[in-house]
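Derivation of every value follows stated rules applied to the coordinates shown; laboratory data play no part. From a predicted model like this one, the values you see are computed outputs, not experimental measurements. A quick note on method: Cβ atoms are made from the backbone with ideal geometry, for glycine too, and the neighbour counts reach across all protein chains shown.
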Amino acid sequence: MSNFKAYFVWDAHVRWFHWINVLCLFGLVVVGLAILNDKALGLSTEGKILLKTVHVWIGYVFAINLLWRLIWAFIGSKHACWGAILPGGWGYGKEVLAYVADFKAGRPRQYLGHNPLGRIAVTLLLLLLVMLAISGLALAGTDLFYPPIGAWIASWIAAPGVDPATLVPYAKDTYDAAAYDAMRAFRKPFIFVHEYAFYLLLAVSLVHILAVVVTEIREGGSLISAMFTGKKVLSETPADLPKVD
């Protein structure tokens, strides 16, 4: 008979990051889809600017939250650090094969931190989040002249005699035409990265949610509740529990 035991795994920083990130992504998706479908929704120029402004401010919260999580991976608790997140290291390949074999055999291993496949998924999610944050900040500058590069963009495209600080979105009569076209060319790769990173993030997030549900059913471990309480309740000895000599 299995003996259930609770282990404290996820510290408050990790838990707060996770749920703030979820809320930010939900808000960004909803507002972003409205912006992409502005014509179908009959939005005015002012309405589109308002939505973009809301999108950017949610994006700032998203980016600051993500930045703190990346910093916390250097200075935080054991299961929050890069060594517990990134795939690789001594014996990682064997651990993946053993995990998959045990999972198929119906005797899945339980882990305090991320399981070997989970580490791949989390790393990919973080990479996509970073791509979205960087490209989004660049687009905020080229679209609304917001920090961190908005002042530079405004100085670049302001028409002769126009104070860059007075530029507003969609006021093309105050822009230098040639500089504006060059800025739009500069902006295009960021749009591409932002859009396709978003689509990839949606796909990976769906796989991540499905994997959490399947793992919760097959392995137990209170994966979902642990992101609220910080504690995993396991019925077996965790495979990544430090061995005591």
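Compared with the direct C-alpha span, the chain from Ile224 to Ser44 gains 60.6 nm at full extension, assuming 0.36 nm per residue. Loop-resident trypsin sites (Lys or Arg not before Pro) (DSSP state other than H, G, I, E or B) in the stretch 1-52 with no more than 16 further Cβ atoms inside 10 Å of their Cβ: Lys39. Of the chymotrypsin sites (Phe, Trp or Tyr not before Pro) found in the stretch 140-228, those in coil by DSSP whose Cβ has at most 15 other Cβ atoms within 10 Å are Tyr170.
When the chain is described by a simple charge dipole with +1 on each Lys and Arg Cβ and -1 on each Asp and Glu Cβ, the residue from Trp156, Val212, Tyr146 located farthest towards its positive end is Val212. So if I take the centroid of the Cα atoms in the stretch 42-84 and the same for the stretch 127-204, what is the distance between those two points in Å? Each part's Cα centre sits 17 Å from the other's.
Charged neighbours of Phe186, selected by a Cβ distance under 15 Å, balance to 0 (K, R count +1; D, E count -1). Taking Pro160, Pro116, Pro147 in turn, the Gaussian network model of the chain (Cα-Cα springs below 10 Å) assigns the largest fluctuation to Pro160.
Taking Cα centre as origin and charging only the Cβ of basic (Lys, Arg, +1) and acidic (Asp, Glu, -1) residues, the dipole magnitude of the stretch 114-204 rounds to 360 debye. Setting aside same-chain residues fewer than 8 positions from Lys104, which lysines have a Cα under 24 Å from its Cα? Partners within reach: Lys94, Lys232. When the charge dipole of the stretch 5-234 is built from unit charges on Cβ atoms (+1 for Lys and Arg, -1 for Asp and Glu) and taken about the Cα centre, the candidate among Val130, Val100, Leu86 whose Cα reaches farthest toward its positive end is Val100.
Evaluated at q = 0.15, 0.17 Å⁻¹, a Debye calculation over the C-alpha positions of the chain (equal weights, vacuum) places log10 I(q)/I(0) at -1.04, -1.25. The charge dipole of the chain, taken about its Cα centre with unit charges on the Cβ atoms of Lys, Arg (+1), Asp and Glu (-1) only, comes to about 680 debye.
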